[in-house]
Structure formats: structure tokens, C-alpha cells
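Here the structure is laid out as C-alpha cells; the discussion comes afterwards.
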């Protein structure tokens with residue numbers, strides 16, 4: 001893929017201990033840059049409260065299974081991916097994929113995924129590529145359509161969703177916040 005900062009490619013890998021140092025740097029950078037944000041760890045539920053990166057990776061592993069996801073604080077299993085830049089092995093973002101949205105909150109405004117791009121890497125196209133790769137993962141896992149939701153005033157997130165074929169279904173209000181609900185048809189890319 002070609003991004004704003006030149007030819008660079010990323011890949012998604014399930015959250016794992018090979019990237020604990022990078023995850024800690026990611027967390028520290030988000031905590032500093034987004035300290036006034038209510039949604040600073042979208043796609044990284046619980047990362048803020050974990051004492052170590054390894055602790056959070058262990059929680060992500062519990063979330064993958066229906067049998068253990070409740071121990072990790074979720075009702076629906078999910079897989080968390082690190083977006084790694086190939087050229088320097090830097091963690092540029094985190095994105096999750098909920099295996100289904102058979103839950104009142106997820107079916108309404110939580111959706112199939114959440115994602116965060118490292119503050120120093122924003123505006124370079126990584127969010128759109130992360131979502132594209134996640135859409136492929138969803139297709140491979142049998143999800144035919146993904147619900148992806150963003151705040152009505154989150155222009156960057158909306159552009160990311162639209163770049164991946166998002167079709168606006170409606171706008172809902174949740175606790176005084178207007179949310180746009182988009183559906184993305186999944187597909188399977190045989191090259192990944």
C-alpha cells in the first residue's frame with residue numbers, strides 16, 4: 001500500500017508478547033497525546049488500566065474464546081490485532097474484531113471493531129489500511145457485513161470507514177452523542 005509518507009506497508013498480527021515494548025510505547029504516547037479524550041483507547045479496551053503490556057496481551061488472549069471472554073470483561077469474543085509497519089517493525093495501531101455483535105450495545109452502536117492509531121502516525125493512511133485488513137479478516141471468519149460506528153463529528157474516522165466501502169445506515173443518539181452507523185461488506189483477499 002502507498003501512504004502519505006511514501007511507500008510503506010503494514011500487516012496485522014494477533015496481540016502477542018513479541019511486541020510488549022512497542023505496545024508500552026504506544027500506550028504511553030496515547031496517554032500523553034489524548035489525555036483529554038474520552039475515547040483515547042478505542043479498540044484497546046482495558047489497556048489504560050493494565051499495569052504492564054504483557055498483562056493486557058494476556059487479557060486479549062482470554063477475549064478470543066467464548067468460554068473465557070467474560071473473565072476478560074467482555075460478553076462477546078474478539079480478536080485484537082497489532083498493526084505493524086514492515087519497514088521498522090513499529091506498532092502503528094491496534095484494531096479489534098468482534099466475532100459477532102449479538103449484544104444490545106454492540107448491535108446498536110459498538111459494532112464489530114474499534115481501532116486506535118498511534119498519535120505520531122496519524123494522518124498517514126494507517127487507519128484506513130488497518131480497517132481494510134480487518135475487513136478481510138472478518139470475511140475469512142465468516143462475517144459477511146461489518147457494523148462500524150463513529151461519532152458524527154469524527155471526520156477522520158468517517159473518512160476511514162468510507163474509504164473501505166462503508167454505507168451509512170442511519171444516525172442514532174447515545175447518551176447525548178450522535179453516532180453514524182455504517183455497514184461494510186466483507187471480502188476475502190487471497191493474497192493475505
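The values are calculated or read from the model by the stated rules, or taken from the named source; none is laboratory data. Model, not experiment: these values are computed from the prediction. Counting neighbours? That spans all protein chains shown, and the Cβs are built from the backbone with ideal geometry, glycine included.
Looking only at segment 147-157, residues that are crowded, with 18+ Cβ neighbours inside 10 Å and over 17 Å from residue 93 (Cβ atoms) come to 2 in all. Just so you know, in segment 20-43 the residues that are modelled with pLDDT of 85 or more and closer than 24 Å to residue 177 by Cα include one that is surrounded by the most Cβ atoms within 10 Å (Cβ to Cβ), and it is 30. For segment 54-79, what are the residues that are part of a loop (DSSP other than H, G, I, E, B) and buried (at least 16 other Cβ atoms within 10 Å of the Cβ)? 64, 74, 76, 77 - these are the residues of segment 54-79 that are part of a loop (DSSP other than H, G, I, E, B) and buried (at least 16 other Cβ atoms within 10 Å of the Cβ). Of the residues in segment 93-115, at least one is part of a helix (DSSP H, G or I) and either in contact (Cβ under 8 Å) with a residue 60 or more places away in the chain or touching a helix residue (DSSP H, G or I) at 6+ places or on another chain (Cβ under 8 Å) (or both). Would it be correct to say that residue 165 is surrounded by 13 or more Cβ atoms within 10 Å (Cβ to Cβ), touching a residue at least 12 places away in the same chain (Cβ under 8 Å) and outside any helix (DSSP H, G or I)? It is true that residue 165 is surrounded by 13 or more Cβ atoms within 10 Å (Cβ to Cβ), touching a residue at least 12 places away in the same chain (Cβ under 8 Å) and outside any helix (DSSP H, G or I). Select from segment 114-136 the residues that are in contact with a strand residue (DSSP E or B) (Cβ under 6 Å, 6 or more places away or on another chain), closer than 25 Å to residue 65 by Cβ and modelled with pLDDT of 95 or more and list them in ascending order. Scanning segment 114-136 gives 130, 133, 134, 135.
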